[in-house]
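Colleague: Below: one structure in structure tokens.
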Amino acid sequence: MSIAPAAALHCVHGIVDASAPIQAVLATVADVERRPRLFAHGAVAALVTGPLPQAPTPSRADLMTHARLLDALAACTAVLPARFGTVLPGADRVRQLLVDNEENLLAGLDAVRGSAQYTVRARHVQQEVLREILDEQPEVHRLRETIVGEGGAARYPEQIRLGELVHAALAAKVAEDTRAMLEALCPHAQAAVPRPVSGVDASFGGAYLVRHARREAFEAAAEELGRRWYGRARVRLLGPLAPYDFVTGKEDGR
Amino acid sequence: MTAPVGSQALDRPSSSGLADVVELILDKGLVIDAFARVSVIGIEIVTIEARIVVASIDTYLRYAEAMRGLALTPRQPATVPELVQEVTAGIAAGKTRGVLDGVSGKVSDMLRPGRPVALKRLGGRR
């Protein structure tokens with residue numbers, strides 16, 4: 001590993017059109033040290049901070065600045081967020097990035113132009129969902145009766161069996177409700193990425209790419225979902241955001 | 001339960017907090033040059049810990065306990081359980097299948113992980 005010379009390090013936050021009217025947004029970053037500038041080549045520009053005096057140790061404030069800046073930009077212009085913590089060793093590398101990839105970066109910007117991301121997360125209210133499972137699954141009902149009937153001194157195998165069934169039922173409900181959310185919100189979105197369902201993580205949801213003209217309709221649909229699930233799941237809406245989930249970068253030959 | 005009017009049914013923070021931002025942006029976005037990526041170890045560990053939920057015997061026992069302690073509001077008759085349960089199970093299974101079938105046709109076209117932005121590899125040792 002050789003990142004040197006240290007004095008030339010440039011942190012890249014994202015890519016925008018070279019002509020993007022973003023000075024007003026950049027000015028909202030109060031901390032001048034953290035305020036990125038545009039590094040333009042041709043039709044595209046990188047948002048960079050630097051040169052940095054030394055290899056940075058990203059802090060919480062850096063993370064928040066990176067995210068808030070990109071989100072604010074996404075509300076007014078096309079932006080490709082770079083992965084947080086991307087540092088290039090030298091201004092030449094930034095220029096090379098733009099020179100070599102102008103066409104691909106423009107295509108990437110076109111794909112998200114006029115849109116922003118919303119991330120929707122829901123979390124089941126455990127008590128309510130457990131009641132649903134109890135109503136829906138005779139075996140769960142039977143095992144619970146057995147265990148309660150024994151006054152808490154239930155046999156171990158039955159407790160394990162009950163827990164196993166409940167665990168599987170909860171996972172099925174997450175999968176089913178992820179689908180229900182997609183069905184409710186996709187009519188208002190250009191594209192969607194469901195959050196991967198893993199294990200028994202109680203929260204579920206996805207990311208949605210929404211045209212600016214459809215934002216109001218999308219937000220209303222999310223609110224409607226919140227009302228439909230009120231009491232059994234909490235729905236959380238984040239956005240408009242930069243299109244973090246709709247930009248996947250891959251380098252040639254990898 | 002009565003759903004509230006207005007936006008009370010939706011949790012809509014005016015700005016994302018640290019926990020939201022970590023989950024929103026970490027490991028997402030354009031990979032410009034993995035070689036030069038600064039490690040954000042402290043933050044990554046928090047995320048990994050938050051994501052790891054191991055399905056284990058302990059988890060099962062916890063659910064069994066939660067189910068045992070559930071304060072029941074009577075939703076189905078306590079008598080003739082077999083008959084009622086069979087009907088309920090049948091409806092539940094049918095309902096689930098319907099939802100899944102209904103969605104697969106319409107929504108699947110929209111699911112995509114984002115447009116790949118192919119970047120030429122920057123020079124340098126890695």
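None of the figures in this text is laboratory data; all of them are computed from the coordinates on show. Bear in mind the structure is a predicted one, so any value in this text is a computation, not a measurement. Heads up, the Cβs are rebuilt from the backbone with ideal geometry, glycines too, and the neighbour counts pull from every protein chain shown.
Colleague: With a 10 Å cut-off between alpha carbons and a GNM built on chain A, which of A:ALA82, A:ALA107, A:ALA189 moves the most?
Modeller: Among A:ALA82, A:ALA107, A:ALA189, the largest GNM mean-square fluctuation belongs to A:ALA107.
Colleague: Something else now. Where does each of B:12-21, A:39-48 land if you order them by average Cβ count within 10 Å, highest first?
Modeller: Top of the packing list down: A:39-48, B:12-21.
Colleague: For the Cα atoms of chain A, what angle does the longest principal axis make with the long axis of helix A:60-74, in degrees from 0 to 90, nearest 10?
Modeller: Helix A:60-74 sits at roughly 80 degrees to that axis.
Colleague: How long is the stretch A:99-221 along each principal axis, judged by its Cα atoms, biggest number first, in Å?
Modeller: The Cα atoms of the stretch A:99-221 stretch 72, 35, 17 Å along their principal axes.
Colleague: Next question. Could you work out the local net charge near A:ARG34, counting Lys and Arg as +1, Asp and Glu as -1, over the other residues with Cβ closer than 13 Å to its Cβ? Don't jump to the answer; show the numbers that get you there.
Modeller: Working: positive: A:ARG35, A:ARG37, A:ARG60, A:ARG68; negative: A:ASP31, A:GLU33, A:ASP62.
Once all neighbours under 13 Å are counted, the net charge is +1.
Colleague: Quick check: the angle from helix A:156-185's long axis to the longest principal axis of chain A, C-alpha only, nearest 10 degrees?
Modeller: 50
Colleague: Please identify which residues in the stretch A:43-63 have an amide N closer than 18 Å to a label point set 7 Å out from the Cα of A:ARG34, following the Cα→Cβ vector.
Modeller: Residues passing the 18 Å test: A:47-63.
Colleague: Hey, another quick one. Counting only other chains, what is the mean number of Cβ atoms within 10 angstrom of the Cβ of each residue in peptide A:160-172?
Modeller: Other-chain Cβ atoms within 10 Å of each residue's Cβ, averaged: 5.
Colleague: Further, regarding this structure: Just counting partner chain Cβ atoms within 10 Å, what average do the residues of peptide A:241-247 show around their Cβ?
Modeller: What the average comes to for A:241-247 is 6.
Colleague: Quote the charge dipole size of chain A about the Cα centre in Debye, to the nearest 20; the model charges only the Cβ of Lys and Arg (+1) and of Asp and Glu (-1). Working shown, then result.
Modeller: Working: 29 positive and 30 negative charges, 82 e Å.
Taking the Cα centre of chain A as origin, the dipole is about 400 debye.
Colleague: Additional query: Roughly how tilted is helix A:138-149, in degrees to the nearest 10 and between 0 and 90, from the longest Cα axis of chain A?
Modeller: In chain A, helix A:138-149 runs at an angle near 70 degrees to the longest axis.
Colleague: Short version: ³J(HN,Hα) in whole Hz for each residue of the stretch A:78-87, in order, from phi by Karplus 6.51 cos²θ - 1.76 cosθ + 1.60 (θ = phi - 60°), x for Gly and Pro, what are they?
Modeller: 6, 9, 9, x, 8, 4, 4, x, 7, 10
Colleague: Per residue and in Å³, how big is the convex hull formed by the alpha-carbon atoms of the stretch A:1-129?
Modeller: Values: hull volume 20.7 nm³, N = 129.
Here the figure is 160 Å³ per residue.
Colleague: May I pose another question? For the stretch A:8-72, would you read off the P(r) tail past 19 Å as a percentage of all alpha carbon pairs? The partial results should precede the final answer.
Modeller: Details: 566 of 2080 pairs.
More than 19 Å apart: 27 percent of the Cα pairs in the stretch A:8-72.
Colleague: Same structure again: Can you work out D for chain A in µm² s⁻¹ from Stokes-Einstein, where Rh is the Kirkwood radius over C-alpha pairs, the temperature is 4 °C and the viscosity is 1.567 mPa s?
Modeller: On the way: Rh = 21.2 Å.
Diffusion coefficient, whole number: 61 µm²/s.
Colleague: Might you report the magnitude of the Cβ-based charge dipole of the stretch A:1-108 about its Cα centre, with Lys and Arg at +1 and Asp and Glu at -1, to the nearest 20 debye?
Modeller: 260
Colleague: Of the candidates A:THR86, A:THR146, A:THR28, which one comes out as most mobile in a Gaussian network treatment of chain A with C-alpha springs shorter than 10 Å?
Modeller: Fluctuation is largest for A:THR146.
Colleague: Relative contact order, percent, of chain A when contacts are C-alpha pairs under 8 Å separated by at least 6 residues? Before the final figure, lay out each step's value.
Modeller: Details: 399 pairs, mean separation 60.2, N = 254.
Relative contact order of chain A: 24 percent.
Colleague: Which percent of Cα pairs goes in each bin when the distances of the stretch A:132-189 are cut into 5 angstrom slices starting at zero?
Modeller: 4, 17, 21, 17, 12, 9, 8, 6, 4, 2, 1
Colleague: Return the single residue from A:GLY14, A:GLY85, A:GLY114 with maximal mean-square fluctuation; model: Gaussian network over chain A, springs between Cα atoms under 10 Å.
Modeller: Comparing A:GLY14, A:GLY85, A:GLY114 in the GNM, the peak value goes to A:GLY85.
Colleague: Would you compute, from DSSP H runs of 4+ residues alone, the mean residue ellipticity of chain A at 222 nm, taking -39500 (n - 2.57) per run and dividing by the full residue count, rounded to the nearest 500?
Modeller: On the way: 7 runs with 108 residues, N = 254.
Taken over chain A, the calculation gives -14000 deg cm²/dmol.
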